[in-house]
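The values are calculated or read from the model by the stated rules, or taken from the named source; none is laboratory data. Values in this document were obtained by computation on a predicted structure and should not be read as measured data. Cβ: placed from backbone, ideal geometry, glycine included. Neighbour counts: every protein chain shown. Quick note on the areas: whole protein, heavy atoms, side chains included, nothing else; ligands and nucleic acids left out. Shrake-Rupley method; radii C 1.70, N 1.55, O 1.52, S 1.80 Å.
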Amino acid sequence: MSDCLFCKIVAGEIPAEFVHEDERVVVFADINPKARVHLLVVPRTHVASLAELGPEHDNLMAHIMRLLPVLADRQGLTDGFRTIINTGKGGGQEVFHLHVHLLGGEDLPGF
Ligand code: AMP
């Protein structure tokens with residue numbers, strides 16, 4: 001997707017410091033952090049949102065779910081962490097390339 005911000009970050013066309021990368025995802029800090037730790041887990045492949053997932057993405061999503069606690073542990077979030085996936089305009093999604101927010105490092109407010 002030539003006009004996708006996160007595709008450009010994945011491709012290295014827009015700078016971001018990856019705190020983790022593997023064959024399926026890149027992980028970098030949110031530019032506008034909502035907590036002391038605020039990472040974005042971004043698939044290398046372009047999927048617009050949860051609403052566009054198909055069975056071909058099952059391994060990718062399992063990989064992300066299992067990676068999240070590993071990333072949290074590496075960030076020192078021993079007390080717990082929050083994960084958020086915004087989906088669609090009504091869900092507050094701003095960047096239409098699927099990503100998981102990983103937040104923690106302080107007491108987060110309840111919903
Ligand atoms: P969402 O509202 O779930 O689509 O979240 C998009 C997130 O991307 C927001 O929290 C933004 O702060 C973040 N963001 C936008 N541009 C960048 C960027 N260049 N580098 C890191 N994070 C970004």
Which angle from 0 to 90°, rounded to the nearest 10, does the C-alpha axis of helix 58-74 make with the longest principal axis of the chain?
30 degrees
Residue by residue through segment 98-111, which ³J(HN,Hα) values in whole Hz follow from phi under the Karplus form 6.51 cos²θ - 1.76 cosθ + 1.60 (θ = phi - 60°), with glycine and proline marked x?
2, 7, 10, 7, 10, 10, x, x, 7, 6, 8, x, x, 7
Hand me the GluC sites (Glu not before Pro) from segment 4-45 located in a DSSP loop with no more than 15 other Cβ atoms within 10 Å, in residue order please.
13, 17, 23
Can you check what the net charge comes to around residue 9, using other residues whose Cβ is under 12 Å from the Cβ of residue 9 (Lys, Arg +1; Asp, Glu -1)?
-2
What net charge do the residues around residue 66 carry, taking every other residue with its C-beta under 15 Å from that of residue 66, with Lys and Arg at +1 and Asp and Glu at -1?
-2
Give the dimensionless ratio obtained when the Cα radius of gyration of the chain is divided by 2.2 N^0.38 Å.
1.03
Please give the calculated 222 nm ellipticity per residue for the chain, where each DSSP H segment of at least 4 residues contributes -39500 (n - 2.57) and the sum is spread over every residue; nearest 500 deg cm²/dmol?
-6500 deg cm²/dmol
In Å², nearest 10: area of residue 9 left accessible to a 1.4 Å probe
10 Å²
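With charges only on Cβ, +1 for K and R and -1 for D and E, what is the dipole size of the chain about its Cα centre, in debye, rounded to 20?
Approximately 140 debye in magnitude.
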